[in-house]
Structure formats: C-alpha cells, structure tokens
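> One structure, as structure tokens, below. Some questions next.
The values are calculated or read from the model by the stated rules, or taken from the named source; none is laboratory data. Values in this document were obtained by computation on a predicted structure and should not be read as measured data. Positions of Cβ are backbone-derived with ideal geometry, glycine not excepted, and every protein chain shown enters the neighbour counts.
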C-alpha cells in the first residue's frame, strides 16, 4: 500500500478537500516541532525563521506551555467565561495591564484571533467617542474580516473580490523612510508624515467625525516598516489635540518580538487601546484588547465578548508564556538576537546589491530586495526565489511587503546560536545564488 503520510500524498489529499484559497507557504507537512526546529512527516528537519508568522516567540512546544495546556485540559476545557467565570483570565489580564506601556489604569477583554481584537478595538473606540470614522495607513494589515479587510491596505490577496467594505475608513500615508511618500529624508524631514495628520483632518475626514487612528508600531505584512522614534510621539500629540484615540495594533510586534514586550515602549508612547495576539498564547488561539480603563469600561455589559473568549486552556498557555519571559529573561535574549540579526543583515546589504534596505526593530527585522538600488525597483521574483532556495536547504523563511519583495525574519527568540548561524549562512548563500 502506498504511503499516505508523505508530503506529496498529503498534498494530494489536501487538494481534494481543502479550499484552494486557504493556502500554505510550503508543502511540507509537520509531524512535530521543538524550539526553532520543525520536523515534517518524512523526517526532514527545518530551521524555522517564520515562527508560525510571529506566533512562536517562546519556541515550539515549550515544556511550560505544554504542561499548562495538559493541566488545564484535565480540569475543564470550556464553561464560557460569560456564563461561569474562572481565575485564569483575571490573572492574565493583570499581567497584560502591567505589561502594556503606560501608567494609566487599564482593563482587558479577550477574544480568539488578532482580527477579532481589531474589530473589538474599533467597536470600543466608536462607543467611547461616539464618533465613527477610523484612520488607517498605507501598507497596513489588520486582518481578513470585513472591518479587518477595510483597514488593510494591500488588495491582493487580502481584499480582491471581497467588497464592498466597511464605511468610514480613511487611509493616510505611513512613515516609510525608505520610500518616503513625501519625497523627503530623515531627519531633515522633521517628521512631516506625522504633521500630515493635520492636513488630513481638513481634506479627507474631520476630527469631529474621527474616533481613532489604528497603527502598527512596526508594520508586519507591509514590510516591517519601523518609523523614526519621534514619529509616534508627534502623532499621539496630534491625536490628543483633536480628541482622537490611538489604537496600537501590536498583534505581530507584541510579546517580545521587537526586544520590548510591546514596541510602543521603545517609542515612549502610551496608546489608548492596544491589540495583542499571535505570540500571546504560544500557538493557542487567544487575543486581547487592552485599553485605558475609562475607555474599556464605557461599553455596557454584554456589549463585547464571545462564546470562546478567554478560553481556559488558551489563558493558561498565555500565563505560561509570561512565566517563560520572566524565568528565562527572554527580553534580554531578544535584544541580543536583534543586534546579531541587524549586524548580519547589514553585512548582507554591503555584500549583495539585491539588498536595498534593512529595517525593523530588534529581532523583528527584514531586508527589502531590489533589482536597482538607485531606483529602488522592487524585486518580488528574487524574494520568491530566495524563499524557495532556503526551503530546498531546510530553512523556512517568509516574504512580505506591499510588492512582495521583503524577506522577514521571525524565528523563535529561543533559537540556538548554531541554528541561527546555519540559517543565516543559507540566506547568504541564497542571495549569492539568485543575484
């Protein structure tokens, strides 16, 4: 009998029953994973530089997370927190209130995915302000639900054919220093991209209509675009001047990804509302909206929630994640990893003309590939070739960016020195091969 558990056989079975639009970056089917290594059903091992798209910051199958899941599963798996509550969401909310930047008193609500957190953040902002308009940014990604797609910038694959979209969403240029929408250079620009909000509120949507702006401190799918440090300080001042809330979408940048528990700590800004997901639960489906208490508590009882919100197994996994960050000093390890990645990618930029830009914050870092440095011509074909080259040599990496020409690195923060060195050598060799 033919082996039905090979990658090829599983792909064939998949094509019969899984919707074509529900795609995967690779055709390697996972048998198990540990730390920063994934093993497929044929026994091949892959160094993981994708981290489940920034979900596995503490590593695959961390013993503390596994034990927390097992222990809770033996007690109960679901009662619905809105019906019969339990302690773990309370303990987790306490952790999040302490971890999210800012001195204001905060409150938390839980849901199951990043985009659900975004949806609820918008609902809460509108409820509190009694205004309807939301300002999002070029190159933003906020998810795949109706509101998520409406806030997201890129058309294909996220929005094409799925309209019409939610009303009262307005889009503003983002602080992309490599491709400045205003044709300026930092620092002589004096952060004109932030000042543009004042013109935007005159020409596109009024402050009296605008409930909030929603912004990723480091844009994820948009290409790991990290604004200058003073950008968010200036933007927050303008928001406060115009009675507009700031929603920080830290779904990808949060939970230690940037070397800070949340990226807004680096920028020295307290957002009014913060969305958290991805690495919060180390692979368990859980997300949170964390906001200033007067904003979060403004919503009437029953106005926010969901059947699976604050699932007990997911909450225990998230508490284990916080324990791991504390007991293993993971933020310090993340900062060291970020420094190594930055110096390595900068060396690649000097060595390979394909690398037009290196950017990000800490170990949330990427390189943009271009066919012409002076013209900054995007090279998405080269990014695709590099992803394939690496996969053929047992390294998983991801492309992203508006033009699909950015290579992002999201390896677990617990990756070993040997695994990191080997993975970066493969990337280096790949850049040489495709040049």
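> If residue 41 satisfies all but one of (1) outside the structural domain of residue 277 (by TED's automatic domain parsing); (2) surrounded by 18 or more Cβ atoms within 10 Å (Cβ to Cβ); (3) in contact with a strand residue (DSSP E or B) (Cβ under 9 Å, 6 or more places away or on another chain), what's the number of the condition it fails?
(2)
> Only one of 19, 84 is exposed (fewer than 13 other Cβ atoms within 10 Å of the Cβ), in a loop (DSSP other than H, G, I, E, B), out of contact with any helix residue (DSSP H, G or I) (no Cβ under 8 Å at 6 or more places or on another chain) and outside the structural domain of residue 414 (by TED's automatic domain parsing); which?
84 is the lone residue from the list that is exposed (fewer than 13 other Cβ atoms within 10 Å of the Cβ), in a loop (DSSP other than H, G, I, E, B), out of contact with any helix residue (DSSP H, G or I) (no Cβ under 8 Å at 6 or more places or on another chain) and outside the structural domain of residue 414 (by TED's automatic domain parsing).
> Can I ask one more? Within the stretch 368-377, is there a residue that is surrounded by 23 or more Cβ atoms within 10 Å (Cβ to Cβ) and either under 20 Å from the mean Cα position of the chain (by Cα) or closer than 25 Å to residue 286 by Cα (or both)? So that I can check it myself, show each step before the final result.
If we filter the stretch 368-377 for residues that are surrounded by 23 or more Cβ atoms within 10 Å (Cβ to Cβ), which is where we start, we get 368-369.
In the following step, the residues that additionally are either under 20 Å from the mean Cα position of the chain (by Cα) or closer than 25 Å to residue 286 by Cα (or both) were identified as 368.
Checked against the condition, which is being surrounded by 23 or more Cβ atoms within 10 Å (Cβ to Cβ) and either under 20 Å from the mean Cα position of the chain (by Cα) or closer than 25 Å to residue 286 by Cα (or both), the stretch 368-377 yields at least one hit.
> Run down 295, 304, 313, 225 and say which single residue is more than 17 Å from the chain's Cα centre (by Cα), touching a residue at least 40 places away in the same chain (Cβ under 8 Å) and over 28 Å from residue 128 (Cα atoms).
From the options 295, 304, 313, 225, the qualifying one is 313.
> In the stretch 346-378, which residues are free of Cβ contacts under 8 Å to residues at least 60 places away in the same chain and either outside the structural domain of residue 49 (by TED's automatic domain parsing) or in contact with a helix residue (DSSP H, G or I) (Cβ under 9 Å, 6 or more places away or on another chain) (or both)?
Start the filter on the stretch 346-378 by keeping residues that are free of Cβ contacts under 8 Å to residues at least 60 places away in the same chain, which leaves 346-347, 349-350, 358, 367, 369-375, 377-378.
Result: 347, 358, 367, 369, 370, 371.
For (1) assigned to a loop (DSSP other than H, G, I, E, B); (2) in contact (Cβ under 8 Å) with a residue 24 or more places away in the chain; (3) on the phi < 0 side of the Ramachandran plot, each residue gets a yes or a no:
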site	(1), (2), (3)
12	no, no, yes
15	no, no, yes
25	yes, yes, yes
57	yes, yes, yes
64	no, yes, yes
69	no, yes, yes
73	no, yes, yes
92	no, yes, yes
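> Looking for something part of a strand (DSSP E or B), in contact with a strand residue (DSSP E or B) (Cβ under 6 Å, 6 or more places away or on another chain), touching a residue at least 60 places away in the same chain (Cβ under 8 Å) and over 19 Å from residue 254 (Cα atoms) - is there at least one such residue anywhere in the stretch 108-124? Explain how you work it out, then say what you get.
Of the stretch 108-124, the ones part of a strand (DSSP E or B) are 108-111.
Still in the list and also in contact with a strand residue (DSSP E or B) (Cβ under 6 Å, 6 or more places away or on another chain): 108-111.
From the residues that got through so far, the ones that are touching a residue at least 60 places away in the same chain (Cβ under 8 Å) too are 108-111.
If we keep only those that are over 19 Å from residue 254 (Cα atoms) too, we end up with none.
Taking every residue of the stretch 108-124 in turn, none turns out to be part of a strand (DSSP E or B), in contact with a strand residue (DSSP E or B) (Cβ under 6 Å, 6 or more places away or on another chain), touching a residue at least 60 places away in the same chain (Cβ under 8 Å) and over 19 Å from residue 254 (Cα atoms).
> When you scan the stretch 152-180, how many residues do you find that are surrounded by 15 or more Cβ atoms within 10 Å (Cβ to Cβ) and either out of contact with any strand residue (DSSP E or B) (no Cβ under 6 Å at 6 or more places or on another chain) or outside the structural domain of residue 204 (by TED's automatic domain parsing) (or both)?
Number satisfying all stated conditions: 12.
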